[in-house]
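The values are calculated or read from the model by the stated rules, or taken from the named source; none is laboratory data. Since the structure is predicted, the reported quantities are computational estimates derived from the model, not experimental observations. Methodologically, a virtual Cβ is constructed for each residue, glycine included, from the backbone with ideal geometry; neighbour enumeration extends over all protein chains shown. Accessible surface areas use protein heavy atoms only, side chains included; no ligands, DNA or RNA. Shrake-Rupley method; radii C 1.70, N 1.55, O 1.52, S 1.80 Å.
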Amino acid sequence: MLRYEVKKVFSRTGSKIALLILTAAFALTVFLAVGSVEYVDEQGNSSSGIAAARRLWEDKNKWAGEINEDVLLNMLAKNREINASAEYLSSDYMENNKAYARKQGFSDIRDMMNYAFTAFREYDYYRVDSVTDEEVGSFYERRISNLADWLESDEAKDMYSEEEKKFLLARYQALKTPFYYEYADGWKAFTEYAPTIIMLTVLILGFPISGLFASEFQWKADAVFFSAKLGRNKAVRAKIGAGILIVTGIYWMVVFLYSAVVFGILGTDGADCAIQTGLGGWKSFYNITYFESYLLIILGGYLGSLFMLTLVMLVSAKTHSAVISVTVPFALLFIPSFLSGISVLSKVLGLLPDQLLQMGQAVCYFNLYQTGSAVTGAVPIIMTLYPVLFFVMLPVLYQVYRKTQIK
Amino acid sequence: MKMELDNLTKQFGAFTAVDHISITMSNGVYGLLGVNGAGKTTLMRMLCTLLKPTEGTIYCNGRDIWEMDSDYRRLLGYLPQEFGFYPEFSVQDYLLYIAALKGIRPAVARKRVKELIMKVGLAKEASHKMKKLSGGMKRRAGIAQAMLNDPQILILDEPTAGLDPNERIRFRNLISELSEERLVLLSTHIVSDVEYIANEIWMMQEGKIMHQGTAEQIIASMPVAVWECLVEKQMVSALTKRYKVSNLKTEPAGVTLRIISGEKPCEQAKRADITLEDVFLYYFGEKAGDEDVAI
Ligand SMILES: Nc1ncnc2c1ncn2[C@@H]1O[C@H](COP(=O)(O)OP(=O)(O)O)[C@@H](O)[C@H]1O
Ligand SMILES: [Mg+2]
């Protein structure tokens, strides 16, 4: 019966079109993700693709290893040397690119240093150029003291409770230093474009999924369906099963293909580096590696998709309307982004299901939740809340649909 | 098989579509006759557990059908008035799916689907998509799905509506064939349908069963007579204003009117045999059926 339910879904033209659009959107996003990793050669020309990634990998991995004071001093020296070169000082941007070509091997370390040596909420791309050999040893301490200073600032003073402040500082202190560093651009590109891919998948899957329960009414096949022996029990379970199967199958296929292409071209090196070794993850208080972050992204994405699309099923079972239910994922994804400017809402927004589709970004947000003296970030909450809601929705969906009356 | 409707009522807001009906049915063919809006479909939907009554209960062999749940639906075959299906499914796939919905084991289902496809004359179309079938063929696929589980209770809502005369005759014959040893309830607003197939006729009006019995009983119960008279053309409008005229035939000598009336409507009028058509017109005040009165 499950097979027929899946067949019904994909017999609709809308579902077929949705799959085509998903394929096209997927190809485009993968293209952008892979293209986001650029290599600048000695002539100052940039390129992307397998060969470019390979050369960037070579350059960056010359710096692979523990980032201790020696490495930082070495980097500062290299940086100064390049800053003094004719290419760097030239006003021709192609010449500047040539200078950058020599810096890109340590560009990640440079970025971290810029963060470490500016205030918590600032970023100065040229800060590293004025860091002295004497102060470079305070690199790791500064990550913590920047946070401590900010937490005492007027801006943040009242934003967090004492327990929350303690929690953040403890997390920062718990991060293992010195960092282990190597080329990790595959993971970074994956993380950057994962929300786009996952959100597109959810939005587009909304179309076939919205028809699963509503189409019986549109086809007027409902009278035969609900008057059949199993129409109010097993057939309803088959529908729910088909929905979960379609979501699961397509989601993991997309994730698998996306991972395969991105890592196939950009490589999987850097899996064990902390996410704090990159520009995006520097401030995160989740002390995880790129590989752990990857697992979080794909699992969070799955839980989020399952939750949102089960909600689509529920709305379509209740309203009998594919049109209304297909808007559910759009609302869940776009309303939070409209509200994101309102800072009083940020705590609530941090717990909304769209966060699950962008776990790579969610681990960088500073939303904290306190019960008693226990403090936690949003990630563990949403990773348990939405699976629970998913399981709560299933019997509700079953009951709503099996009690359908035909008027 | 015994079905009892006990005080069955369905209201939509303040409007009563089915009005306190209490009747009993056993095996045989019941024809539910009534004009559009009489409440036939609503009654049938309740019998198919698609709609909960506002009041009253339906018992199947003494058990409440809503409590029986799938045990009751197992006995049921239903062809809805607006028969919908999965347009992209082939006839065969459609029937196999409905067989699965009815809980028929796959091996049995395959055999049964094959038999029924033959029986309803869709063998050549078995692999055609449902949406490609003609109106009559769709209806035949509809009766095939209703018959898949060899139902003890077969409910057909206006099964012949919209069919062309030939297709309608085929369809009536098919229903007659299929109606042995089960309880069949079919609704129609076309008198000749029930005349040919039904053993028992129920005339439904404004949610109530007004008259019931065999065709003969119902005809015998009519308190007035039917007359035929040949009149001149200019007389026609005066007579149609005064009497219910069930038929009107133009002939070289004038117009032959068929008049339903307790008194003799005019000098030359002769008593005629009462037909169900006349009864329908007498009780419901409008002409039975849209097409097909001649058949
Ligand atoms: N879902 C509904 N809501 C409101 N009124 C309805 C509904 N279904 C049917 N009716 C009304 O109930 C009456 C009986 O309808 P129906 O059972 O379809 O009659 P029939 O099948 O004899 O033509 C009609 O007047 C119709 O408008
Ligand atoms: Mg009707």
Any idea how many residues of region A:190-217 are farther than 30 Å from A:Gly360 by Cα and within 37 Å of the chain's Cα centre (by Cα)?
6
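So that you can scan it fast, the table gives a plain yes or no per residue for (1) within 16 Å of ligand 1 (Cβ to nearest atom); (2) modelled with pLDDT of 90 or more; (3) open to solvent by 80 Å² or more (accessible area, probe 1.4 Å):
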site	(1), (2), (3)
B:Lys111	no, yes, yes
B:Glu115	no, yes, yes
B:Lys131	no, yes, yes
B:Met137	no, yes, no
B:Met147	no, yes, no
B:Gln152	no, yes, no
B:Phe171	no, no, no
B:Ser179	no, no, no
Within region B:6-15, residues within 14 Å of chain A (Cβ to nearest Cβ), open to solvent by 30 Å² or more (accessible area, probe 1.4 Å) and either away from ligand 1 (no atom under 16 Å from the Cβ) or at negative phi (or both) come out as B:Gln11, B:Phe12, B:Phe15
Looking for whichever is in contact with a Lys or Arg (Cβ under 6 Å, 6 or more places away or on another chain) and open to solvent by 20 Å² or more (accessible area, probe 1.4 Å) here; the options are B:Arg74, B:Arg63. Which one fits?
B:Arg74
Could you please let me know if A:Arg127 is open to solvent by 20 Å² or more (accessible area, probe 1.4 Å) and basic (Lys, Arg)?
yes
Report those strands (runs of 3 or more DSSP E) wholly inside region B:184-238 carrying at least 3 residues which are within 16 Å of ligand 1 (Cβ to nearest atom), without any contact (Cβ under 8 Å) to a residue 60 or more places away in the chain and more than 15 Å from the chain's Cα centre (by Cα).
none
Take region A:214-237 and flag every residue that is more than 7 Å from chain B (Cβ to nearest Cβ) and open to solvent by less than 10 Å² (accessible area, probe 1.4 Å).
A:Ala214, A:Ser215, A:Glu216, A:Val236
Of the residues A:Gly243, A:Gly211, which is under 20 Å from A:Lys16 (Cα atoms), surrounded by 24 or more Cβ atoms within 10 Å (Cβ to Cβ) and within 14 Å of chain B (Cβ to nearest Cβ)?
A:Gly211
Can you confirm whether A:Glu58 is acidic (Asp, Glu), open to solvent by 50 Å² or more (accessible area, probe 1.4 Å), outside any helix (DSSP H, G or I) and more than 14 Å from every other protein chain (Cβ to nearest Cβ)?
no
Quick one: count up the residues across region B:147-170 that are under 21 Å from B:Leu47 (Cβ atoms) and more than 16 Å from ligand 2 (Cβ to nearest atom).
8
Residue list for region B:154-169, restricted to those being away from ligand 1 (no atom under 16 Å from the Cβ) and among the aliphatic types (A, V, I, L, M):
B:Leu154, B:Leu163, B:Ile169
Within region A:360-367, identify whether any single residue is assigned to a helix (DSSP H, G or I), away from chain B (no Cβ under 14 Å) and surrounded by fewer than 18 Cβ atoms within 10 Å (Cβ to Cβ), and answer yes or no.
yes
Identify all residues within region B:23-57 that are away from ligand 2 (no atom under 16 Å from the Cβ), touching a residue at least 24 places away in the same chain (Cβ under 8 Å) and either over 14 Å from B:Tyr72 (Cβ atoms) or buried (at least 21 other Cβ atoms within 10 Å of the Cβ) (or both); write none if there are none.
B:Ile23, B:Met25, B:Ser26, B:Asn27, B:Gly28, B:Val29, B:Thr49, B:Pro53, B:Thr54, B:Glu55, B:Gly56
Confirm whether B:Val18 is within 14 Å of ligand 2 (Cβ to nearest atom), modelled with pLDDT of 95 or more and crowded, with 16+ Cβ neighbours inside 10 Å.
yes
For region B:16-44, give me the residue count where each residue is within 7 Å of ligand 1 (Cβ to nearest atom), within 11 Å of the chain's Cα centre (by Cα) and of a type in the set (Ser, Thr, Tyr).
1
Search region A:259-279 for residues that are open to solvent by less than 20 Å² (accessible area, probe 1.4 Å) and pair each with any residue that is outside any loop (DSSP other than H, G, I, E, B) and among the basic types (Lys, Arg) when their beta-carbon atoms are under 7 Å apart and the residues are at least 6 apart or on different chains.
A:Gly278/A:Lys188
Total residues in region A:84-115, condition open to solvent by 30 Å² or more (accessible area, probe 1.4 Å) and under 30 Å from A:Ser145 (Cβ atoms):
1
Residues satisfying the stated conditions in region A:135-193, i.e. among the aliphatic types (A, V, I, L, M) and closer than 19 Å to A:Phe285 by Cα:
A:Ile144, A:Leu147, A:Ala148, A:Leu151, A:Ala156, A:Met159, A:Leu168, A:Leu169, A:Ala170, A:Ala174, A:Leu175
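To keep it simple, each residue is scored yes or no on (1) part of a helix (DSSP H, G or I); (2) closer than 24 Å to A:Leu306 by Cβ; (3) out of contact with any helix residue (DSSP H, G or I) (no Cβ under 9 Å at 6 or more places or on another chain).
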site: A:Ile209; (1), (2), (3): yes, yes, no
site: A:Phe225; (1), (2), (3): yes, no, no
site: A:Lys239; (1), (2), (3): yes, yes, no
site: A:Asp269; (1), (2), (3): no, no, no
site: A:Ser284; (1), (2), (3): no, no, no
For region B:84-106, pairs from a residue that is assigned by TED's automatic domain parsing to the domain that holds B:Gly135 to a residue that is β-branched (Val, Ile, Thr), with Cβ under 6 Å and 6 or more apart or across chains, are B:Leu95/B:Val113; B:Leu96/B:Val113
Just one of B:Gly62, B:Gly84, B:Gly56 is within 16 Å of ligand 1 (Cβ to nearest atom) and more than 15 Å from B:Ala146 (Cβ to Cβ); which is it?
B:Gly56
Identify, by number, the condition in (1) assigned to a loop (DSSP other than H, G, I, E, B); (2) aliphatic (A, V, I, L, M); (3) open to solvent by less than 10 Å² (accessible area, probe 1.4 Å) that B:Leu163 doesn't meet.
(3)
